[in-house]
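S.K.: Got a structure for you, questions after.
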Amino acid sequence: MSAENLFASRISFAETPRVSPAGASLAPMKNRAKAVAKNKKGSESQTGLIERLKAGDEAALESLFKLNSAKLYNVALRILGGDASDAEEVLQDVFMTAFRKARMFQGNSQFSTWLYRLTVNAALGRMRRSKKHKEVEYEEFLPKFQKDGHHQVRPVVDWSDTPDEYYGLQETRALLAQALNQLKPVDKSVVVLSDVEGLSDKQIAETLNLTVSAVKTRLHRGRLFLRGKLAVHFGHSAA
Amino acid sequence: MAQRITKTKHLTNKTCKQIAALVLAYLNDELSPRRKRDFQQHLKICPDCVNFLKTYKKTIQATGTLYADDMPSKVRDNIWQFIRSKMRA
């Protein structure tokens, strides 16, 4: 069984979408507000632990590990394309670094953002060194338009009414995971932090040291690529 | 079809390409009232963009299902044991 399949077999299907549901409504999504609020609340409750961590308290590190390890592991695993062994090592590096360099955390951003930054940097560094990553050209899976600005392939087919249960199927999730893994590393990190983890654009910008505008550009491009991949999977044109 | 294209351009001042570029800002509710009105007006007469928007949103939702709300306890234990051994070394 491949690493991706191993991962897919243990990830749970989120019954409630983490981002506002897609459906018949075309109204703007008040997206990520709950996730952001949850992150903020979690961060506030960690304040005491962070102070103890700065003082070298091992128990504080263990508590912070219990609070944050699952989400950080998921981020590492997604960025590393499902390589569980590498993700474990990333988590080891992250919490060792957090323990040794806790005093460097100034509180200018949320502690969770700092941990996300350590995780993404460690995962991206590991990817660069391994040279396993193979990017694909986005162009084939992006929407295309005529010179007058209208859709090149018409009609644009609505495959969004595919039953939600379908997304729980191993095949589709494996396809999505594979497509995600074909994104450029930073684009992938943006999509994972946004659409899988529910971070705000501002938090992602702080995590990846990008401008908010750059985050939006990368997020949109990544989503368009994934949309194209899904469209083709369902038998339609990516355009 | 050509007639509909002309009608769309005339009635909305936005092309499908422009609409596609504004989708993220629309879903984040970040468009100015005027742009939002233009966006929604375009949707009223352009089924292609309606379907584009629906599938864009579905993509976000589907990506969200890759969330893992737990990690295997064995993995968690292994990582913590390693960290603790390093700290005490």
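S.K.: Tell me which residues, restricted to segment B:65-86, are farther than 12 Å from A:Phe95 by Cβ and surrounded by 16 or more Cβ atoms within 10 Å (Cβ to Cβ).
M.R.: B:Thr65, B:Leu66, B:Tyr67, B:Ala68, B:Met71, B:Val75
S.K.: Now for a separate question. Scan segment A:71-110 for residues that are under 21 Å from A:Val186 (Cα atoms) and hydrophobic (A, V, I, L, M, F, W, C) and report the count.
M.R.: 11
Table: residues versus (1) at pLDDT 95 or above; (2) over 25 Å from A:Ser85 (Cα atoms).
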residue: A:Ser130; (1), (2): no, no
residue: A:Leu142; (1), (2): yes, yes
residue: A:His150; (1), (2): no, yes
residue: A:Asp164; (1), (2): no, yes
residue: A:Glu171; (1), (2): no, no
residue: A:Val190; (1), (2): yes, no
residue: A:Leu193; (1), (2): yes, no
residue: A:Arg218; (1), (2): yes, yes
residue: A:Arg227; (1), (2): yes, yes
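S.K.: Then there is this: Taking A:Leu124, is it more than 9 Å from every other protein chain (Cβ to nearest Cβ), touching a Pro at 6+ places or on another chain (Cβ under 7 Å) and touching a residue at least 60 places away in the same chain (Cβ under 8 Å)?
M.R.: Yes, satisfied.
S.K.: Quick test for you: out of A:Thr113, A:Thr119, A:Thr97, pick the one residue that is of a type in the set (Ser, Thr, Tyr), surrounded by fewer than 23 Cβ atoms within 10 Å (Cβ to Cβ) and out of contact with any Ser or Thr (no Cβ under 8 Å at 6 or more places or on another chain).
M.R.: A:Thr97
S.K.: Could you check, for segment A:205-221, whether at least one of its residues is buried (at least 20 other Cβ atoms within 10 Å of the Cβ), touching a Lys or Arg at 6+ places or on another chain (Cβ under 6 Å), outside the structural domain of A:Asn108 (by TED's automatic domain parsing) and under 18 Å from A:Thr119 (Cα atoms)?
M.R.: Yes, segment A:205-221 contains at least one residue that is buried (at least 20 other Cβ atoms within 10 Å of the Cβ), touching a Lys or Arg at 6+ places or on another chain (Cβ under 6 Å), outside the structural domain of A:Asn108 (by TED's automatic domain parsing) and under 18 Å from A:Thr119 (Cα atoms).
S.K.: Check off (1) surrounded by fewer than 18 Cβ atoms within 10 Å (Cβ to Cβ); (2) more than 24 Å from A:Ala70 (Cβ to Cβ); (3) facing another protein chain (nearest Cβ under 10 Å) for A:Gly168 and give me the number that stays unchecked.
M.R.: Tallying (1) surrounded by fewer than 18 Cβ atoms within 10 Å (Cβ to Cβ); (2) more than 24 Å from A:Ala70 (Cβ to Cβ); (3) facing another protein chain (nearest Cβ under 10 Å), A:Gly168 fails exactly one: (2).
S.K.: Tell me, which helices (runs of 4 or more DSSP H) wholly within chain B include 1 or more residues that are farther than 26 Å from A:Gly81 by Cβ, more than 8 Å from every other protein chain (Cβ to nearest Cβ) and at pLDDT 95 or above?
M.R.: B:16-27, B:33-45
S.K.: Here's another thing I want to ask about it. Go through segment A:157-176 and give me each residue that's touching a residue at least 40 places away in the same chain (Cβ under 8 Å) and within 17 Å of B:Tyr56 (Cα to Cα).
M.R.: Once the filter is applied, which keeps residues that are touching a residue at least 40 places away in the same chain (Cβ under 8 Å) and within 17 Å of B:Tyr56 (Cα to Cα), segment A:157-176 yields A:Val157, A:Trp159, A:Ser160, A:Thr162, A:Tyr167, A:Thr172, A:Arg173, A:Leu175, A:Leu176.
Conditions (1) assigned to a loop (DSSP other than H, G, I, E, B); (2) over 30 Å from A:Ala231 (Cβ atoms); (3) within 22 Å of the chain's Cα centre (by Cα), marked per residue:
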position	(1), (2), (3)
A:Ser109	yes, yes, yes
A:Thr119	no, yes, yes
A:Gly125	no, yes, yes
A:Arg128	no, yes, yes
A:Lys132	yes, no, yes
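S.K.: Taking the residues in segment A:182-228 that are more than 9 Å from chain B (Cβ to nearest Cβ) and among the basic types (Lys, Arg) as candidates, determine which candidate is nearest to A:Leu169 (Cα to Cα).
M.R.: Across segment A:182-228, the extreme among qualifying residues is A:Lys188.
The values are calculated or read from the model by the stated rules, or taken from the named source; none is laboratory data. For clarity, every value in this text was computed on a predicted model and none was experimentally measured. Note: ideal-geometry Cβ built from the backbone for every residue, glycine included; neighbour counts use all protein chains shown.
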